[in-house]
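The values are calculated or read from the model by the stated rules, or taken from the named source; none is laboratory data. Nothing here was measured: the structure is a model prediction, and the numbers come from that model. For neighbour counting, all protein chains shown are included, and Cβ atoms are generated from backbone atoms with ideal geometry for every residue, glycine included. Ligands, DNA and RNA are stripped out before the accessible areas are found, and what is left, the full protein with its side chains, is counted by its heavy atoms. Shrake-Rupley method; radii C 1.70, N 1.55, O 1.52, S 1.80 Å.
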Amino acid sequence: MKRKIREQLLTVEEFEEFYAQAVARLTGQLYVMTGDLQEAQDVVQEAFVKAWVRRGRLERDGQPEAWIRTVAWRLAVSRWRFRRRSADAWGRGAARRSTWRRRTRTTWCSSRRSASCPPSSGGR
């Protein structure tokens, strides 16, 4: 039984051949999905690294290309979410900083009446 399973798994040579045949195709597909060639190349390469680690579990007839495409797409989505969250966090931080500056400057100016302070605007 184990021998039959081992016969279905990808060997190192088969994996290298598979990589040579599939990398350009997968990169093209991910480029269409992401719109960024460098991002597509990165996620496809990372997906192949994950596949290499699991090559003993990838079956010849089990559609390893589909597995790698799915992994690459999920990596691309995860990276996009990370960038979006980072941008949102930076935006929230910038809003807090500008509010803090306004409050600090108003407090300082109202207590000092310095020449560097803006003219008073009525109740602000």
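Give region 45-61 a look and list any residue that's under 15 Å from residue 15 (Cβ atoms) and without any contact (Cβ under 8 Å) to a residue 40 or more places away in the chain, or say none. Answer for region 45-61, where residues must be under 15 Å from residue 15 (Cβ atoms) and without any contact (Cβ under 8 Å) to a residue 40 or more places away in the chain: 45, 47, 48, 49, 50, 51, 52, 53, 54. Among the residues making up region 4-56, a single one is over 21 Å from residue 79 (Cα atoms), assigned to a helix (DSSP H, G or I), open to solvent by less than 70 Å² (accessible area, probe 1.4 Å) and of a type in the set (Val, Ile, Thr): 12.
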